[in-house]
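**Q** Can you read through this structure? Questions will come right after.
Derivation of every value follows stated rules applied to the coordinates shown; laboratory data play no part. In this text, all values refer to a predicted model and were calculated from it rather than measured experimentally. Cβ placement follows ideal geometry from the backbone for every residue including glycine, while neighbour counts extend to all protein chains displayed.
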Amino acid sequence: MEVDLVTMASAIGVSVAVLRFLLCFVATIPVSFLHRFVPGTLPKHLYSAITGVILSYLSFGFSSNLHFLIPMLLGYTSMIVLRKYCGIITFFTGFGYLIGCHVYYMSGDAWKEGGIDATGALMVLVLKVISCAINYNDGLLKEEGLREAQKKNRLLKLPSLIEYIGYCLCCGSHFAGPVYEMKDYLEWTERKGIWAPSQKGTPSPFDATIRAILQGAFCMGLYLSLVPHYPLSLFTDPLYQEYGFWKRLSCQYMAGFTARWKYYFIWSISEASIIISGLGFTGWTDSSSPKWDRAKNVDILGVEFAKSAVQLPVYWNIQVSTWLRHYVYERLIQKGKKPGFLQLLATQTISAVWHGLYPGYIIFFVQSALMIAGSRVIYRWQQAVPQGLKTVLVLMNFAYTVLVLNYSCVGFMVLSLHETLASYGSVHYIGTVIPIVLILLGMVVKPAKPARSSNPRKEE
């Protein structure tokens, strides 16, 4: 079997470890499909837990399950012993353990060189463990004054241990997400809420699953065709240093564009897995078609053609962005006050630490905060000018988003401080200077506030 894996890995140009992960990752689709036929609530939880453990073992080895077990047990123990503080305890112990693993394994270097380990799956698992503990903590609070997300997701009673393990490892969903809530998992397993039998019948997942699989195949094909021309080594290639400014900028755009298709592939497969299990179901459209928004982690066209940097968290890594909004950003806002740049910066910093402690990650997410703040300045101007100029500012915001996003994401890809600063410096730090200039101009040029829209989230 090992010889066959070596041959297959060589044929498609990846390491044996990556091939083993990919095979197990794709296997989450049939494994999730079979979940539909498991009778009874307890057997479903057992199936979720056991298949998650087996897939983890086949992908990463025995040690991976030990790594997953530690934050899971720390979180569950805190919910039993100190419910009043279990959210904050689990947040810091979960992130502390994840940071320790990031430092020990230095996974970013392995990923750059084509390797893989369990740290990526641990990242998803930690978010699930933290949200479960925080929602159990919220179950102690009075409903008045809670945000809608808190009311919807809070847990009034402690999940059983098998429910908890099944939620954490469900059919391998911890490999790449999406992140979902314990309450949704329980209702899905018990066939309650939107999963309860209704006159509309059981939603068919097959059309949406096939679309997601075909999308994944297209994304991987495009990535494999582009990556030989725009590898990560491009920025240290002496030839790159000989290019002019515009050529370097175009190389940064294409490198970022190419790298994104790898993530589009991963999220398309995870989307197919969650859809076919039924967990991705979120209700019916007005035309009685099923919606599968819980499974969706990326809107490819939304990312590539975002009219504003503010929209990017809505389209990219959607479920993690939602998690950051509910469990970090909104909880940093003091009652009666509006959120500002500090809440945004703190949220982006948490996101950076979650990814790893490489300088490239930290710089990228600080850049993201600047990028979004600069985009908001353009948007405010856009709302205050006549229609003719508004179109110009819309195009300006789009061009700004494309430029700064692809400039910034070089740090996310190369990771090291030297390579990040060298690549930014090669284009005169244009993607850092422009957002800062816009933010400063926004403090001086303050247009009159337009009439308030009936849709407060229209900007996003």
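**Q** What is the extension gain from Ile54 to Leu5, computed as 0.36 nm multiplied by their sequence separation minus the C-alpha to C-alpha distance, in nm to one decimal?
**A** Here the segment from Ile54 to Leu5 would lengthen by 15.8 nm.
**Q** What spacing in nm lies between the two simple spin-label points modelled at Thr282 and Ser416, each 7 Å away from Cα in the Cβ direction?
**A** Those two pseudo-labels are separated by 4.1 nm.
**Q** Next question, about the same structure. Once both labels are modelled 7 Å past Cα along the beta-carbon direction, what's the Thr77-Leu239 spacing in nm?
**A** 5.5 nm
**Q** Another question about this same structure. Bin width 10 Å, origin at 0, all Cα-Cα pairs of segment 156-250: what percent of pairs per bin?
**A** Here the calculated profile for segment 156-250 is 11, 23, 23, 16, 14, 10, 2.
**Q** Take the alpha carbon atoms of segment 148-163, find their center, do the same for segment 1-71, and report the distance between the two centers in whole angstrom.
**A** 27 Å
**Q** Then there is this: With the cut-off at 1.5 for a/c, could you classify segment 1-107 from its C-alpha gyration tensor as rounded, prolate or oblate?
**A** It is oblate, given that a/c is not under 1.5 and a/b is not larger than b/c.
**Q** Under the Kirkwood approximation applied to all pairs of distinct alpha-carbon atoms, what is the hydrodynamic radius of the chain in Å?
**A** 23.5 Å
**Q** Additional query: Among the complete DSSP H segments of the chain, which ones combine at least 15 Å of alpha-carbon extent along their axis with a mean Kyte-Doolittle hydropathy of -0.5 or more?
**A** 2-12, 16-35, 41-60, 62-81, 86-105, 119-138, 206-226, 245-277, 341-355, 359-384, 387-414, 430-444
**Q** Regarding segment 2-195, what are the three Cα extents along the principal axes, ordered largest first, in Å?
**A** Largest first, segment 2-195 extends 60, 41, 26 Å along its Cα principal axes.
**Q** Using a Förster radius of 25 Å, what is the FRET efficiency between Leu441 and Thr391 based on their Cβ-Cβ separation? Nearest 0.05, please.
**A** E(calc), rounded to 0.05, equals 0.80.
**Q** Kindly provide the trypsin sites (Lys or Arg not before Pro) of segment 145-220 that DSSP labels as loop, not H, G, I, E or B, and whose Cβ sees at most 16 other Cβ atoms within 10 Å.
**A** Arg147, Lys157, Arg191, Lys192, Lys200
**Q** Additional query: Distance in nm between label sites at Glu148 and Leu34, each 7 Å beyond Cα in the beta-carbon direction?
**A** Here the modelled spin labels are 4.0 nm apart.
**Q** Give the value in nm², to one decimal: projected area of the alpha carbon convex hull of segment 315-460, averaged over all directions.
**A** Its average projected convex-hull area is 9.7 nm².
**Q** Would you please state which residues of segment 133-175 a label at Leu23 would reach in this model, taking the label point 7 Å out along Cα→Cβ and a backbone N cut-off of under 18 Å?
**A** So the set is 172.
**Q** To the nearest 0.05, what FRET efficiency results for Ser289 and Thr41 with a Förster distance of 30 Å applied to their C-beta separation?
**A** About 0.60, to the nearest 0.05.
**Q** Under the definition of Cα pairs under 8 Å and six or more residues apart, what whole-number percent is the relative contact order of the chain?
**A** 15 percent
**Q** Quick one: of Lys142/Lys337; Lys262/Lys337; Lys307/Lys337; Lys128/Lys390; Lys84/Lys335; Lys142/Lys192, which pairs are farther than 30 Å apart, Cα to Cα?
**A** Beyond 30 Å between Cα atoms: Lys262/Lys337; Lys128/Lys390.
**Q** For segment 206-444, rounded, prolate or oblate, judged on the Cα gyration tensor with a ≥ b ≥ c (square roots of eigenvalues), a/c < 1.5 rounded, else prolate if a/b > b/c?
**A** Taking the square roots of the gyration eigenvalues as a ≥ b ≥ c, segment 206-444 is oblate.
**Q** Still on this model: If contacts are Cα pairs under 8 angstrom and at least 6 residues apart, what is the relative contact order of segment 209-277 in percent?
**A** Reported relative contact order: 64 percent.
**Q** Explain nothing, just the number: dipole magnitude of the chain about its Cα centre with +1 on each Lys and Arg Cβ and -1 on each Asp and Glu Cβ, in debye rounded to the nearest 20.
**A** Here the size comes out at about 1760 debye.
**Q** So what does log10 I(q)/I(0) come out to for segment 244-332 at q = 0.10, 0.16, 0.25 Å⁻¹, using the Debye formula with one equal point on every Cα and no solvent?
**A** Values returned for q = 0.10, 0.16, 0.25 Å⁻¹ are -0.36, -0.80, -1.24.
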